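Asks: Sharing a structure with you now.
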Amino acid sequence: MSVETTETTKAPKKGMNILFSLTLLGLLLFIWLLLALATDSFWTPNNISNLLRQGSMTAILAVGQTFVIITAGIDLSVGAIVGFSSVIIAWLITAGVPVWLAIILTLLMGVAIGMFHGFGIVRMGLPPFIITLATLTSLRGIGLLITNGSTISIPSGAFTAFARADFLGVPSLFWMVLVVAIPAFIFLHLSRWGRYLFAVGSNSEAARLSGVNVNRTIYMAYILSATCAAFVGILLASRIGIGNATQAEGWELQAIASSVIGGTSLFGAVGSVHGPLLGAFILATINNGANLLNVNSFWQRIITGFLIILIVYFDQLRRRRQR
Amino acid sequence: MSVETTETTKAPKKGMNILFSLTLLGLLLFIWLLLALATDSFWTPNNISNLLRQGSMTAILAVGQTFVIITAGIDLSVGAIVGFSSVIIAWLITAGVPVWLAIILTLLMGVAIGMFHGFGIVRMGLPPFIITLATLTSLRGIGLLITNGSTISIPSGAFTAFARADFLGVPSLFWMVLVVAIPAFIFLHLSRWGRYLFAVGSNSEAARLSGVNVNRTIYMAYILSATCAAFVGILLASRIGIGNATQAEGWELQAIASSVIGGTSLFGAVGSVHGPLLGAFILATINNGANLLNVNSFWQRIITGFLIILIVYFDQLRRRRQR
Amino acid sequence: QDVTIPIIVKDTTSFYWQIVLAGARQAGKDLGVNVPELGAQSESDINGQITILENAVAGGPAAVVISPTEFKALGAPIDEAAKSVPIIGIDSGADSQAFTSFLTTDNVQGGRIAADGLAAAIEAATGKVEGEIAIITSLPGVGSLDQRREGFLDQIKTKYPGLTVVADRFADGQATTGLNMMTDLITANPNLVGVFASNLIMAQGVGQAIAENKLGDKIKVIGFDSDEKTVGFLKEGVLAGLVVQDPYRMGYDGVKTALAVSKGEKVETFVDTGANLVTQANMADPKIDALLNPKVN
Amino acid sequence: MAGLQELSHRHDADPHLREAEQIKPGDPILELVDLRKKYGGVEALKPASITFLAGEIHAIVGENGAGKSTLIKLLTGVIPRTSGEIRWCGRPVPLATPTEAISRGINAVHQEVVLCAELTVAANMFLGDELQRYGLMRRRAMAEAAQNVLDDLGFNIPATERLGNLTIGQQQLVATARAAMRGIRFLIFDEPTAYLTRQESAQLFRLIRRLQADGITIVYISHRMEEVFELADRVSVLRDGTHVGTRKIAETDEAELISLMINRSIDQIYHKEKVALGDVILETRSLSGPGFQDVSLSVRAGEIVGLYGLIGAGRSEFALGVYGRQKCTGGEVFWDGRKVVIDTERKAMDIGIALAPESRRDQGLCLNLPIGLNINLPVFDRLSRGLTISRGLETANADRQIDDLKIKTPTRAVLASAMSGGNQQKIVIGKWLSHGARVFIFDEPTVGVDVGTKAEIYRLFGELLKQGAGIILISSYLPEVYELADRLHVFRQGRLVASYGHHEATHEDVLTQAIGL
Ligand SMILES: Nc1ncnc2c1ncn2[C@@H]1O[C@H](COP(=O)(O)OP(=O)(O)OP(=O)(O)O)[C@@H](O)[C@H]1O
Ligand SMILES: Nc1ncnc2c1ncn2[C@@H]1O[C@H](COP(=O)(O)OP(=O)(O)OP(=O)(O)O)[C@@H](O)[C@H]1O
Ligand SMILES: [Mg+2]
Ligand SMILES: [Mg+2]
């Protein structure tokens, strides 16, 4: 929807200028500051570790999702892929496959799912919404079939210890965010492939006329998204020590929300790697803060909804004034 | 995403011509025929009644959703509105409000939610995905708060009997589909407001310069969608006899899927009223058939996913050849 | 196999209901009955279960075994269905007089047992029944979970005034959410001594949080239902106890009873299949062991 | 000079590119043999055969919908051909993808700007062909190189600006610069001057001559005859998808070309109706808004008021301001002598103003909707009977415009996107003719419209004037405003800097004012 809203929104009042000029990072730090003042327990090393851990998985999903959204697509299947991969890796590990091989196989499966999405969109001409919705439905079914509706428990060991471990005082899960985000940043912002994603999202016909392989670019976006999701599935399996196909339900919406909060446009061609990361950690902070403040879990939902509106609104205002 | 796929898809082979030329209605009848041959119980009055009842609520949601999608928007909140309205009407009825008044109040609440969406999109400049996602989250929270996380029972009576009743041998729920669909058809296909929806979805700037009140049109689409959802919430409350805020989870995706299966384009400006109805009943038939054929519920998910792909693919091929 | 007796559970994607189905499947094999295994995909999907019931009845079965997902909501549909076919209820009740027979476990009672177990574990660890405790419910709006919470809170209030419930949380059905909630509860309530995680998924998530923070000695957790993972936690002392029902028997006896009804035999109208508290002390009991290791496949 | 050549010779090692070097100037370089293209049932190009000679500037002319753009799209691999053969340097080539065309050094500036609005100018110029080092893009180097090329070509555009922030005209120039970088053997311009003013056109012509001097073969499509005669060596005429002839430019004249194109002759293109001027209908006093300041002008019944200026002079902004699309920040508007406040488009329409906007793609048309719906969009309230639309009125109104304007379509149900550029422009005009008004604002109404239709549109202007309407004609095509306008206002940087009566000033005077020397 390309509703021109510039005119209808009145210029904000002078007094609120400072709020609007906060970047997303500023906003995150601002919320942290508020929470640190409001509770004793927020600003403790332990809680910051928890917070980083809690935001990590959504952050990785959001980065993957962002690639797809930049091409003006959407990937609804990421939550299902997470659940499904947790089943696959748990299954492989309990079947005695060495952990490293199990990880590679699970990631490859992610690649395969992404290729299937690309195929559906490029070759079959299906809308991304539909093909990924279909995968969402089917993958949960396959995962349930494998586990017969139950969970596969992963024997304790290095694999399950990983998600709990710290490295240099920072949770290993957060390191994994960096492991994904740094190559993602180089790919999206510094390499020509990233630029092609933007070009396809902006005007795929123009990209095609420029000699950009549009189909390959679309394949790439969906493969990256699905692989990130498979990676998160592995991390999830490590964190909760089980493989369960019904896990990560609704995470796709969280990932999309993180991405949009981070400034990605659902119309394509606008997005970054750092935005979704901040978005994911803002959402994690809201939940963490609400838990620490002992907010009733129903209120928590209500507040989350309103904060999403507020944050995106402020962010839009800020962008508009920058132009 | 406007990927030009006409070239990449090879022309289908001669032999499949008949399949491709099936319209969506043909497809539905074809599946019915198959099921009637495969099972004894499908083609019984009782089961057809069931089928009509089962598809009805999604069908109404899908019609409402279609208005929004035609404007190139999306309404993720409809499932939450259904759950929330079931709570509101249960609450009103148990509080002693006459049923007719309770129904009107609940519908008005739907209107209010739709207006809020319109406000967020038009005045605050938020993406439809975000504002309706936020409402989804918040409404579930408010509903849970009202019921304190549990359910409100509606005293048995005319209201709860309604959803189970038949009229002229056809389930009352299906009559409700007609009650919604006929005015919706007139509105979308025969009145100028329907044309405006298409124009806004196609090019809102051109529509605006042609004197179309774009903002009002957007308000209208979201109000219609939310009101349809509130209406479904009333029907659901009648059917299950309780108000419960967590009901209808994921129905938004079903409604969107029905709409897209029915030929609506998520890029806007393409859609009809009859398409989503057929889409909803195709989905209901898949479920009903799978139950009758005693397909394991996990397989049912897998099959549903693949059938969605198949149906949308065939439909796209058919459309392409018509051109 | 001319006789068809469908069994409708609340949520086919949960391990607990898979055990029920396993029992029913075995009964089908033993008795020569065709047993379609049906159920919604979430315990909160009331409309889904009504739909499935309608479809099942349309198939013309000899009887239907159902575990109503919501007391009030399933009442009228079951009345309606019972007009054409005998209905056997398992696990939970419904607002209907039409059941021919009923094999249930009392979830309110289950919550009470959990409270007793938690109090005992806290006493064993600290020597007194005092301190701050929490309850985490997997999903709001689910009948059986509501009943467990109700029974638990009631028992705590009336029998253990020394225990104060400092947090009464609802998650979203995800183990990870349970895990995150629990870590935050630990941060926010350093004096926490006990937690009731009222279903399998929450017990898995909460158990993981306890294990991560190595707080098994300090915070006692009672879970509900069991699988390999939670039994493992129990062995390691991460969980203090599990309230375990007998889902396998419910499924098996449900089908068996239904067959008897369909043949016109007289059956008992009410059977309580019971709920037991499993701790490290009694987990080796043969009877308990059978509950913990049902023959699923 | 440096900027462009440096970049063009980057790929000289490419074997595909070397092929063309063997061809001597004047020998055939690209031959079309019975080339044919069908869009579904529409035969856009009936077998057509044309030969292009190396080093020439070859113009193609033809009516709207004659198949010119289709031909270009076939040559650049944008769409696949239905049948026929394309020979490049004497050998048949598939030319099936844009990439292949680019690799042979063939490129085009398409009629509709196809660039990525969200990317920067530099990113668009290098798209698909980025400068890299160690697998990473050299952003700064590309920005510098792009700026060099733009400066070199004399286009005053910042390379780091987001493309979407530029005006259409500027975007067209970016597309030109980009094509010049890639089409290093064979370069096609599809109506490149449609959105350009004199000044930019002159720059463009200089560029084209320079490229020709470098040995590049140029194909030039235009509806403006004087451009064809100024630039081309030879000219081919298309009519209804067939090639009806090729002439050496020295051996033909405008009348012959026009009669080849439309199979009849036009005696006078700039037909101007003599209408007595009536009262002032619309008057602006010191009107200011985003993009224009302090504009005072008036429109009388029976008068054509012409607005001329360079790209970005603020004429379109002024029109949008008057029309209520943009908020005016100062000044007043009078209608029939009474002060009015026009803050919505609807209000403008109700008062009696119609605006046919400048960009048919972004503002004018709902491209993926039928022609009929587009034409009727402003008047649905009039076509409704009670709650519903009257089918009869709806079809009658759409069909009348299609007939009146000779829009080339089988039915009104065809999507607007399937129309040729000129026919799309006619739909936009038809939309406003059917609405009717007392003041019509036509913003670049003849962009991409063929001579025959142009004459037709001017005749329609006459009709409107006779009915007592006034017209504001915004055009970047000086002959048009110069010949038609009763009063000609010149805009420069958002201000009205000069006004002339009919033929009161020379072309040079007007240009000098517009450029501001
Ligand atoms: N995508 C399409 N689908 C169907 N028909 C098309 C399509 N594009 C063009 N046409 C038809 O092909 C014919 C030739 O169109 P083309 O764009 O080549 O004309 P043109 O000579 O460039 O005209 P103009 O001067 O108006 O730009 C027209 O009749 C047009 O309606
Ligand atoms: N919304 C806006 N706010 C402020 N300035 C604007 C806005 N839109 C355009 N401008 C500026 O106003 C000036 C005039 O715009 P525009 O190029 O459309 O004028 P024009 O005379 O119609 O030119 P053209 O020949 O391209 O139609 C430009 O410098 C442009 O950057
Ligand atoms: Mg053209
Ligand atoms: Mg202009």
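The values are calculated or read from the model by the stated rules, or taken from the named source; none is laboratory data. Just so it is clear, the model here is predicted, and its values are computed rather than measured. All Cβ positions, even for glycine, are placed from backbone atoms using ideal geometry, and neighbour counts span all protein chains on display. Side chains are part of the model used for accessible areas, which takes the heavy atoms of the whole protein and leaves out ligands, DNA and RNA. Shrake-Rupley method; radii C 1.70, N 1.55, O 1.52, S 1.80 Å.
Asks: Out of all the residues in region D:268-287, is one or more part of a helix (DSSP H, G or I) and either of a type in the set (Phe, Trp, Tyr) or open to solvent by 30 Å² or more (accessible area, probe 1.4 Å) (or both)?
Replies: Filtering region D:268-287 down to residues part of a helix (DSSP H, G or I) leaves none.
No, there is no match, as no residue in region D:268-287 is part of a helix (DSSP H, G or I) and either of a type in the set (Phe, Trp, Tyr) or open to solvent by 30 Å² or more (accessible area, probe 1.4 Å) (or both).
Asks: Please pick out the residue among D:Val244, D:Val237 that is of a type outside the set (Asp, Glu) and open to solvent by 10 Å² or more (accessible area, probe 1.4 Å).
Replies: Values: D:Val237 fails: open to solvent by 10 Å² or more (accessible area, probe 1.4 Å).
Going through D:Val244, D:Val237 in turn, just one is of a type outside the set (Asp, Glu) and open to solvent by 10 Å² or more (accessible area, probe 1.4 Å): D:Val244.
Asks: Testing A:Trp100 on (1) closer than 15 Å to A:Ala248 by Cα; (2) surrounded by fewer than 23 Cβ atoms within 10 Å (Cβ to Cβ), one condition comes back false. Which one is that?
Replies: (1)
Asks: Which residues, taken from region D:207-247, are hydroxyl-bearing (Ser, Thr, Tyr) and assigned to a strand (DSSP E or B)?
Replies: Residues of region D:207-247 hydroxyl-bearing (Ser, Thr, Tyr): D:217, D:220, D:222, D:236, D:242, D:246.
If the condition is that a residue be hydroxyl-bearing (Ser, Thr, Tyr) and assigned to a strand (DSSP E or B), then D:Thr217, D:Tyr220, D:Ser236, D:Thr242, D:Thr246 are the ones that fit.
Asks: Another question, if that's okay. Please give the number of the condition B:Ile103 fails out of (1) β-branched (Val, Ile, Thr); (2) under 25 Å from B:Arg239 (Cα atoms); (3) in contact with a His (Cβ under 6 Å, 6 or more places away or on another chain).
Replies: Of (1) β-branched (Val, Ile, Thr); (2) under 25 Å from B:Arg239 (Cα atoms); (3) in contact with a His (Cβ under 6 Å, 6 or more places away or on another chain), only one is false for B:Ile103: (3).
Asks: Looking at the structure I just gave you, is C:Gly205 open to solvent by 10 Å² or more (accessible area, probe 1.4 Å), within 9 Å of chain A (Cβ to nearest Cβ) and on the phi < 0 side of the Ramachandran plot?
Replies: Details: open to solvent by 10 Å² or more (accessible area, probe 1.4 Å): no; within 9 Å of chain A (Cβ to nearest Cβ): yes; on the phi < 0 side of the Ramachandran plot: yes.
Considered against the rule, which asks whether it is open to solvent by 10 Å² or more (accessible area, probe 1.4 Å), within 9 Å of chain A (Cβ to nearest Cβ) and on the phi < 0 side of the Ramachandran plot, C:Gly205 comes out as no.
Asks: Say we look at region D:325-340 and pick out the residues that are assigned to a strand (DSSP E or B) and either open to solvent by 40 Å² or more (accessible area, probe 1.4 Å) or within 10 Å of ligand 2 (Cβ to nearest atom) (or both); which of these is nearest to the other protein chains (Cβ to nearest Cβ)?
Replies: At the first step, the residues of region D:325-340 found to be assigned to a strand (DSSP E or B) are D:330-335, D:338-340.
Still in the running and either open to solvent by 40 Å² or more (accessible area, probe 1.4 Å) or within 10 Å of ligand 2 (Cβ to nearest atom) (or both): D:331-332, D:338-339.
Working: D:Gly331: 18, D:Glu332: 20, D:Arg338: 21, D:Lys339: 22 Å.
Selected residue: D:Gly331.
Asks: Residues of region B:144-192 being at pLDDT 95 or above, facing another protein chain (nearest Cβ under 10 Å) and over 19 Å from D:Phe380 (Cβ atoms), which ones?
Replies: none
Asks: Now, a different point. Could you say which residue among D:Glu191, D:Glu200 is surrounded by 23 or more Cβ atoms within 10 Å (Cβ to Cβ) and within 12 Å of ligand 2 (Cβ to nearest atom)? Break it down stepwise before answering.
Replies: On the way: D:Glu191 fails: within 12 Å of ligand 2 (Cβ to nearest atom).
Exactly one residue qualifies, and that residue is D:Glu200.
Asks: Go through C:Val33, C:Val20, C:Val64 for me and flag whichever is in contact with a Pro (Cβ under 6 Å, 6 or more places away or on another chain) and more than 19 Å from C:Gly143 (Cα to Cα). Can you show your working first?
Replies: Values: C:Val33 fails: in contact with a Pro (Cβ under 6 Å, 6 or more places away or on another chain); C:Val20 fails: more than 19 Å from C:Gly143 (Cα to Cα).
Step by step, each of C:Val33, C:Val20, C:Val64 is checked, and only C:Val64 is in contact with a Pro (Cβ under 6 Å, 6 or more places away or on another chain) and more than 19 Å from C:Gly143 (Cα to Cα).
Asks: Quick one: B:Phe159 ticks every box in (1) touching a residue at least 24 places away in the same chain (Cβ under 8 Å); (2) surrounded by 24 or more Cβ atoms within 10 Å (Cβ to Cβ) except a single one, so which number is it?
Replies: Going through the list (1) touching a residue at least 24 places away in the same chain (Cβ under 8 Å); (2) surrounded by 24 or more Cβ atoms within 10 Å (Cβ to Cβ), B:Phe159 breaks only (2).
Asks: Considering each residue of region D:420-449, count those that are away from ligand 3 (no atom under 16 Å from the Cβ) and out of contact with any Asp or Glu (no Cβ under 8 Å at 6 or more places or on another chain), and give that number.
Replies: Matching residues across region D:420-449 total 13.
Residue by residue, here is whether (1) in a helix (DSSP H, G or I); (2) aromatic (Phe, Trp, Tyr); (3) modelled with pLDDT of 90 or more holds:
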{"site": "C:Gly205", "(1), (2), (3)": "yes, no, yes"}
{"site": "C:Ala211", "(1), (2), (3)": "yes, no, no"}
{"site": "C:Leu215", "(1), (2), (3)": "no, no, yes"}
{"site": "C:Gly223", "(1), (2), (3)": "no, no, yes"}
{"site": "C:Val231", "(1), (2), (3)": "yes, no, yes"}
{"site": "C:Leu234", "(1), (2), (3)": "yes, no, yes"}
{"site": "C:Leu239", "(1), (2), (3)": "no, no, yes"}
{"site": "C:Val243", "(1), (2), (3)": "no, no, yes"}
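Asks: Right, next: Determine which single condition C:Ile186 fails, assuming it passes every other condition in (1) in contact (Cβ under 8 Å) with a residue 60 or more places away in the chain; (2) surrounded by 21 or more Cβ atoms within 10 Å (Cβ to Cβ); (3) more than 15 Å from C:Leu118 (Cα to Cα).
Replies: Result: C:Ile186 fails condition (1) only.
Asks: Which numbered condition trips up D:Glu21, out of (1) more than 14 Å from D:Ile106 (Cβ to Cβ); (2) more than 13 Å from ligand 3 (Cβ to nearest atom); (3) modelled with pLDDT of 90 or more?
Replies: (3)
Asks: Something else now. Residues that are surrounded by fewer than 24 Cβ atoms within 10 Å (Cβ to Cβ), at least 3 per element: which strands (runs of 3 or more DSSP E) completely within region C:28-120 meet that?
Replies: Working: elements: C:37-39, C:64-66, C:87-91, C:99-104.
It comes to C:99-104.
Listed here are the residues, each with its yes/no results for (1) at pLDDT below 90; (2) crowded, with 19+ Cβ neighbours inside 10 Å.
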| residue | (1), (2) |
| --- | --- |
| A:Leu277 | no, yes |
| A:Asn291 | yes, yes |
| A:Asn294 | yes, no |
| A:Ile302 | no, yes |
| A:Gly305 | no, yes |
| A:Phe314 | yes, no |
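Asks: Under 7 Å by Cβ, and 6 or more places apart or on different chains, what pairs join a residue from region D:159-184 that is at negative phi with one that is assigned to a helix (DSSP H, G or I) and hydroxyl-bearing (Ser, Thr, Tyr)?
Replies: Correct list of pairs: D:Met181/D:Ser8; D:Ile184/D:Ser8.
Asks: Check off (1) within 12 Å of ligand 1 (Cβ to nearest atom); (2) free of Cβ contacts under 8 Å to residues at least 60 places away in the same chain for D:Gly430 and give me the number that stays unchecked.
Replies: The single condition D:Gly430 does not satisfy is (1).
Asks: Of these, C:Leu153, C:Leu145, which one is in a helix (DSSP H, G or I), touching a residue at least 12 places away in the same chain (Cβ under 8 Å), aliphatic (A, V, I, L, M) and crowded, with 21+ Cβ neighbours inside 10 Å? Full working, then the answer.
Replies: Values: C:Leu153 fails: crowded, with 21+ Cβ neighbours inside 10 Å.
Being in a helix (DSSP H, G or I), touching a residue at least 12 places away in the same chain (Cβ under 8 Å), aliphatic (A, V, I, L, M) and crowded, with 21+ Cβ neighbours inside 10 Å holds for just one of C:Leu153, C:Leu145, which is C:Leu145.
Asks: Filter region B:36-89 for residues that are surrounded by fewer than 22 Cβ atoms within 10 Å (Cβ to Cβ), of a type in the set (Val, Ile, Thr) and assigned to a helix (DSSP H, G or I) and give the result.
Replies: Within region B:36-89, just B:Ile48 meets the criteria.
Asks: For region D:86-127: of the residues being among the aliphatic types (A, V, I, L, M), closer than 16 Å to D:Phe52 by Cβ and surrounded by fewer than 22 Cβ atoms within 10 Å (Cβ to Cβ), which is modelled with the lowest pLDDT?
Replies: The initial filter retains those residues of region D:86-127 that are among the aliphatic types (A, V, I, L, M), namely D:86, D:93, D:95-96, D:101-102, D:106, D:108-109, D:113-115, D:117, D:119, D:121-123, D:125, D:127.
Then keep just the ones that are closer than 16 Å to D:Phe52 by Cβ; that gives D:86, D:93, D:95, D:101, D:106, D:108.
Cutting the leftovers down to surrounded by fewer than 22 Cβ atoms within 10 Å (Cβ to Cβ) gives us D:86, D:93, D:95.
On the way: D:Ile86: 92, D:Val93: 91, D:Leu95: 88.
Step by step, filter region D:86-127, then rank; the result is D:Leu95.
Asks: Taking D:Gly516 and the conditions (1) within 25 Å of D:His223 (Cα to Cα); (2) more than 16 Å from ligand 1 (Cβ to nearest atom); (3) open to solvent by 10 Å² or more (accessible area, probe 1.4 Å), which numbered condition does it fall short on, given that it satisfies the others?
Replies: (1) is the only condition that D:Gly516 fails.
Asks: Can you find a residue that is open to solvent by 10 Å² or more (accessible area, probe 1.4 Å), in a helix (DSSP H, G or I), more than 14 Å from chain A (Cβ to nearest Cβ) and among the acidic types (Asp, Glu) anywhere in region C:1-24?
Replies: There is no residue in region C:1-24 that is open to solvent by 10 Å² or more (accessible area, probe 1.4 Å), in a helix (DSSP H, G or I), more than 14 Å from chain A (Cβ to nearest Cβ) and among the acidic types (Asp, Glu).
Asks: How about region D:293-324: which of its residues are over 11 Å from D:Ile441 (Cα atoms), more than 11 Å from ligand 2 (Cβ to nearest atom) and assigned to a strand (DSSP E or B)?
Replies: Within region D:293-324, D:Asp294, D:Val295, D:Ser296, D:Leu297, D:Ser298, D:Arg300 meet the criteria.
Asks: Next question, about the same structure. Residue by residue through region B:214-233, note down the ones that are farther than 16 Å from B:Gly73 by Cβ and open to solvent by 30 Å² or more (accessible area, probe 1.4 Å). Give the steps one after another, and end with the answer.
Replies: Taking region B:214-233 first, the residues farther than 16 Å from B:Gly73 by Cβ are B:230-233.
Result: B:Phe231, single match.
Asks: I would also like to ask the following. I'm trying to understand the selection: among the residues of region D:62-91, which are more than 21 Å from D:Gly183 (Cα to Cα) and either without any contact (Cβ under 8 Å) to a residue 40 or more places away in the chain or of a type in the set (A, V, I, L, M, F, W, C) (or both)?
Replies: D:Ala66
Asks: Among the strands (runs of 3 or more DSSP E) lying completely within region D:37-127, list those that include at least 1 residues that are more than 12 Å from chain A (Cβ to nearest Cβ) and within 30 Å of D:Gln363 (Cα to Cα). Walk me through how you get there before you give the answer.
Replies: On the way: elements: D:42-53, D:57-62, D:83-88, D:106-109.
Output list reads D:42-53, D:57-62.
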